[in-house]
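Colleague: Below: one structure in structure tokens.
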Amino acid sequence: MQRRHSASELARLLADSIGRLAPDLLPNGKKDGVEWRVGSLAGEPGQSLAVRLSGARRGVWADFSSGERGDALDLVASCLFGGDRKQAMAWASNWLGLSQATSTMPVQRRPVQEKLGNSEELDREAQQRRAKARRLWHDTPAGIAGTPVEAYLQSRGIDLRALGRAPGALRFAPAVWCQEVHRPLPCMLAAICSPSGKLVAVHRTWLAQSPSGVWGKADLKNPKKVLGSFAGGCIRLWRGASGLALGMASENEMAIVAEGIETALSCAIACPEHRVLAAVSLSNMASMKLPDTITEILVAADNDTGNPSARKALDAALSQFAQQGRTVRLAMPKIQGQDWNNVLTHHDEHKGTERA
């Protein structure tokens, strides 16, 4: 009887053969010193994704554009099976010659996203934006107590002191450059993290104080912008009753997923016992990567029923979560054009509906 190998054993054995594995999984890549370089997990030519080929870190890989990273087994799972490590383990055992058991799950290679212009130049620009986002975040003091960010959120009906602690994913920067007005403005920053928990982008909401002293969004055409690439990531706003990091989510946990920061925080105020995540955009919601231990998702959606493209993106996210084997519910305010922050601030007038 053949011995079943653990995930860590398979990852180590795959790493020992990474010189063969990387070209097998990503044949359009090129050797660059001690690394195998390719555009992304989809396998197009480029430089964004690097797989270490030798040394103590052989088998370790990172996609500097999406923020994804992992070991050699994660590379198999991400390239061939949509992140499913169990299927990757069966494939790896067969590839290594340890068993004849083959994966029963069809290979799900990622589609190549078309890139305009020189891919290497775009890769460098993406890395520069990510580095700039990280500098901005780390140069900004932690905590929002007593800052304009706390005042702005209170003006939106979000009293974070009621939760007992403020989300560590939020910070206040007194002067962040705004290209629209060509000068720095006060700004609420939010950390966007990759599935591995690494900061990959920063969401910026520029703020301004009214003559009456109330803090709100600055009067700009685009008061909210993201610095850096964040595909698959999210803003981890509230850990719920467990208090555990997303990567350590307990078995059979439920998470609330919203699009924007204010909507997500409104959900945290209403349901502090649950983990709450902000997807940043509807288009990103479908690509969010969450731990398998989160088995139920409540999507707290804005009521954009009059916007066909928004509804299509929302349906894609609901379908994607369901295909991952999770129980999915949709909660949407009754009134068109409303979100859950409106419900929080006008709960007596605007009660939401929920459906399976």
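Colleague: When you check Asn307 against the structure, is it open to solvent by 40 Å² or more (accessible area, probe 1.4 Å), closer than 30 Å to Asp74 by Cα and not charged (D, E, K, R), yes or no? Reasoning before the result, please.
Modeller: Numbers: open to solvent by 40 Å² or more (accessible area, probe 1.4 Å): yes; closer than 30 Å to Asp74 by Cα: no; not charged (D, E, K, R): yes.
It is false that Asn307 is open to solvent by 40 Å² or more (accessible area, probe 1.4 Å), closer than 30 Å to Asp74 by Cα and not charged (D, E, K, R).
Colleague: Still on this structure, I have one more. Cβ contacts < 9 Å: first residue of a type in the set (Lys, Arg), restricted to the stretch 237-261; second residue assigned to a loop (DSSP other than H, G, I, E, B), any location; separation 6+ or different chain. Result?
Modeller: Within 9 Å, the pairs are Arg239/Pro167; Arg239/Ala245; Arg239/Ala249.
Colleague: Continuing with this model, one more query. Tell me, please, whether a residue that is under 17 Å from the mean Cα position of the chain (by Cα) and open to solvent by 10 Å² or more (accessible area, probe 1.4 Å) can be found in the stretch 214-226.
Modeller: yes
Colleague: Being touching a residue at least 12 places away in the same chain (Cβ under 8 Å), more than 26 Å from the chain's Cα centre (by Cα) and open to solvent by 40 Å² or more (accessible area, probe 1.4 Å) is the filter here, so list the residues in the stretch 139-156 that pass it.
Modeller: Ser155
Colleague: Might you let me know whether the stretch 283-303 holds any residue that is out of contact with any Lys or Arg (no Cβ under 6 Å at 6 or more places or on another chain), within 21 Å of Glu68 (Cβ to Cβ), at pLDDT 90 or above and of a type in the set (Gly, Ala, Ser)?
Modeller: No.
Colleague: In addition: Take the conditions open to solvent by less than 30 Å² (accessible area, probe 1.4 Å) and either at pLDDT 85 or above or of a type in the set (Lys, Arg) (or both) and apply them to Ala322. Does it pass?
Modeller: For Ala322, the condition - open to solvent by less than 30 Å² (accessible area, probe 1.4 Å) and either at pLDDT 85 or above or of a type in the set (Lys, Arg) (or both) - is not met.
Colleague: Still on this structure: Considering only residues that are modelled with pLDDT under 95 and surrounded by 13 or more Cβ atoms within 10 Å (Cβ to Cβ), which ones fall in the stretch 160-176? Quick ask: steps written out before the conclusion?
Modeller: First, the residues of the stretch 160-176 that are modelled with pLDDT under 95: 160-168.
Those that are modelled with pLDDT under 95 and surrounded by 13 or more Cβ atoms within 10 Å (Cβ to Cβ): Leu160, Leu163, Ala166, Pro167, Gly168.
Colleague: Which one is most open to solvent (accessible area, probe 1.4 Å), of the residues in the stretch 197-213 that are out of contact with any helix residue (DSSP H, G or I) (no Cβ under 6 Å at 6 or more places or on another chain) and more than 30 Å from Gly70 (Cβ to Cβ)?
Modeller: Here the residue is Pro211.
Colleague: Among the residues of the stretch 219-246, what is the count of those that are closer than 21 Å to Leu160 by Cα and small (Gly, Ala, Ser)?
Modeller: The number of residues fulfilling the criteria is 5.
Colleague: I've got another one for you. Any residue in the stretch 189-208 that's without any contact (Cβ under 8 Å) to a residue 24 or more places away in the chain: show its pairings with residues that are of a type outside the set (Phe, Trp, Tyr) and part of a strand (DSSP E or B) at Cβ separation under 8 Å, as long as the two are six or more apart or on different chains.
Modeller: Close Cβ pairs (under 8 Å, with a partner that is of a type outside the set (Phe, Trp, Tyr) and part of a strand (DSSP E or B)) amount to Ala208/Leu185; Ala208/Pro186; Ala208/Gly216; Ala208/Lys217.
The values are calculated or read from the model by the stated rules, or taken from the named source; none is laboratory data. Computed from a predicted structure; not experimentally measured. Note: ideal-geometry Cβ built from the backbone for every residue, glycine included; neighbour counts use all protein chains shown. Remember, those area values only see protein heavy atoms, side chains included, never the ligands or the DNA or RNA. Shrake-Rupley method; radii C 1.70, N 1.55, O 1.52, S 1.80 Å.
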